[in-house]
Amino acid sequence: MHDILAGKIAWRLTDEASSVRQLADEALAEVARRPIVAGTADPATTERLAHETLRAGANGGSVLALARSLGVGPLAMIDIYVGPVADWLGTAWCDDRLSFADVTRGCAVLHRVIGDVPCIFPPQARPQRAGAVLVVVPQGEDHILGAATAVHQLRRAGFSVAAGFCPPDDEVEAAAARPEFDAVLLSVASIDRLDRVSGLTRRIRARTPAPVLLGGAILGRIAPDALHDPGLPQIVPGGIATLLGSGAAILGAGRGGR
């Protein structure tokens, strides 16, 4: 329970202070222009970054250094490239070009990338607190990179975020019932866990009036009629992007505008 309620992910910083300062300065420069970096991943750059995650001795810092040499800043690496690089690794595994161990190692390096980049914004442009959200990857899910990316983005946009990666359901329900949370975001990838998500949603709703929102790769996999299933979490068009743009109104609706 403590991990969820602590309201933080233990972001790992690089060992050398100079590297930390450089990453912080670069992230600060990027976020001064916009909290979330938009764009389309270049396929050749994606492939080079993917190969770096597989290199023996690779870590978050080495991937960020390569990205920098290719003209990709630290926040752009997170917002634009983490997902496509993970997809590249997964496709290579499906095509029998990589082993499962290779993909696992590459994704672990991508997690280090997210952890190495300070979640930062300029003090003079500190966003007004947009709300407090609980982001959960339910137990049994295997994919957490998308949720980790979303947590980083939400914090940059001014949200107070607590995150739980595959905690027991009873801990999720107890955490969601705490009055400081304005919404619960469930990140789900597996279509075969839809029934479990529906049950978890019902139990959360029994304990809190806060909206329960659904995101993750599952949104591109479920049948259109399932989007209107009252037993499922609310699906907000645009997902995280919508929350970042007008999240205060969405989150406030669950608790009478609190």
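Overview of results
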quantity: Pick from the range 58-74, criterion in a helix (DSSP H, G or I) and either free of Cβ contacts under 8 Å to residues at least 40 places away in the same chain or among the hydroxyl-bearing types (Ser, Thr, Tyr) (or both), ranking: surrounded by the most Cβ atoms within 10 Å (Cβ to Cβ); calculated: Ala67
quantity: Residue that is surrounded by the fewest Cβ atoms within 10 Å (Cβ to Cβ), among those in the range 75-93 that are over 15 Å from Ala148 (Cα atoms) and not acidic (Asp, Glu); calculated: Thr91
quantity: Matching residues in the range 94-115 - criterion: being of a type in the set (Lys, Arg) and either surrounded by 17 or more Cβ atoms within 10 Å (Cβ to Cβ) or in contact (Cβ under 8 Å) with a residue 24 or more places away in the chain (or both); calculated: Arg105, Arg112
quantity: Subset of the range 163-183 [more than 19 Å from Asp142 (Cα to Cα) and within 16 Å of the chain's Cα centre (by Cα)]; calculated: Ala183
quantity: Answer residue from the range 35-57, given it is within 18 Å of the chain's Cα centre (by Cα) and either outside any loop (DSSP other than H, G, I, E, B) or of a type in the set (A, V, I, L, M) (or both) and is surrounded by the fewest Cβ atoms within 10 Å (Cβ to Cβ) among those; calculated: Ala38
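Quick grid of which residues meet (1) closer than 27 Å to Ala108 by Cβ; (2) surrounded by fewer than 16 Cβ atoms within 10 Å (Cβ to Cβ); (3) touching a helix residue (DSSP H, G or I) at 6+ places or on another chain (Cβ under 9 Å):
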{"residue": "Glu171", "(1), (2), (3)": "yes, no, yes"}
{"residue": "Phe181", "(1), (2), (3)": "no, no, yes"}
{"residue": "Ser187", "(1), (2), (3)": "yes, no, yes"}
{"residue": "Ile191", "(1), (2), (3)": "yes, yes, yes"}
{"residue": "Ala206", "(1), (2), (3)": "no, yes, yes"}
{"residue": "Ile218", "(1), (2), (3)": "yes, no, yes"}
{"residue": "Leu232", "(1), (2), (3)": "no, no, yes"}
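Any read-out appearing in this document is the output of simple, stated calculations on the displayed coordinates, not a laboratory observation. Since the structure is predicted, the reported quantities are computational estimates derived from the model, not experimental observations. Please note: Cβ atoms are built from the backbone with ideal geometry, for glycine as well, and neighbour counts cover all protein chains shown.
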